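Each value in this text was obtained by applying a stated rule to the coordinates, not by laboratory testing. Being a predicted model, the structure only gives us computed values, none of them experimental. With ideal geometry, Cβ positions are generated from the backbone for all residues, glycine too; neighbour counts draw on all protein chains shown.
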């Protein structure tokens, strides 16, 4: 969508979510920002207001499906939504002791269930807009880690693979309704999520640059917005090769820190 005027973003208190909020902020734009950290969320909203946008915040957990559905409905009633960004997510790895069950379940609850909890109410609202000139667009935040399961972060990779396939399937299912659905697959981006990584992160970029790339891709209604191209190419290649050719290399990669 070229010029969304009313935008809702989950996980907007830091990282790419916060950068996207600021990227879109400007006169005439209404922003609805959700996140779990009230202080950081308020700071992002203040920044957006200085840029001329209106910004309303909701301290909310995407794992709470009823609360998310109510928030989206209320936001849409106040200012019919043009773009919903299902960005909220968490990351954790195996560390040196393997991945605990509760960690894996929490990652799935936020990264998978949280996306579904956000997307379905948005689709229902956009369907209600049928017949008007407001078709609506949804962006789902996946990752280049979705292309292959990494031994150091199995639940995280699985969660991002699930929502990538989910979003790409929905894109075609809702195309005739005029609802745009894009899946975003970033590589390493400076954020609170990557601060804990103590291993090399090739081609890591600032969140502000990532937000600009995402905005351009959404304006063109691209189905998959994957970057940087060097990491995307490597991820695609590793996915395409049979496991026996890559297993030794995959086992040698560093583990991500656990919670």
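A few remarks follow.
- Stokes-Einstein D for segment 6-252, Kirkwood Rh over Cα pairs, 4 °C, 1.567 mPa s (µm²/s): 71 µm²/s
- Rounded FRET efficiency, nearest 0.05, which uses the C-beta distance separating residue 244 from residue 50 and R0 of 51 Å: 0.40
- Angle in degrees between helix 65-78 and the longest Cα principal axis of the chain, rounded to the nearest 10: 40 degrees
- Protection proxy ranking, highest mean first, for peptides 2-15, 171-184: 2-15, 171-184, where packing is the per-residue count of other beta-carbon atoms within 10 Å, averaged.
- GNM top mover of 147, 203, 227 - the chain, alpha-carbon springs below 10 Å: 203
- Rounded tilt (10° steps) of 154-173 against the dominant C-alpha axis of the chain: 40 degrees
- Linear extension gain, residue 135 paired with residue 173, 0.36 nm per residue minus alpha-carbon span: 12.2 nm
- Structure-based [θ]222 nm, the chain - -39500 (n - 2.57) summed over DSSP H runs of at least 4, per residue, nearest 500: -14000 deg cm²/dmol
- Between residue 66 and residue 105, the C-beta separation translates, for a Förster distance of 22 Å, into a calculated FRET efficiency of about 0.65.
- Helix 38-50 and the longest principal axis of the C-alpha atoms of the chain enclose an angle of approximately 50°.
- Each of 129, 120 was scored by other Cβ atoms within 10 Å of its Cβ. Listed from fewest to most, they are 120, 129.
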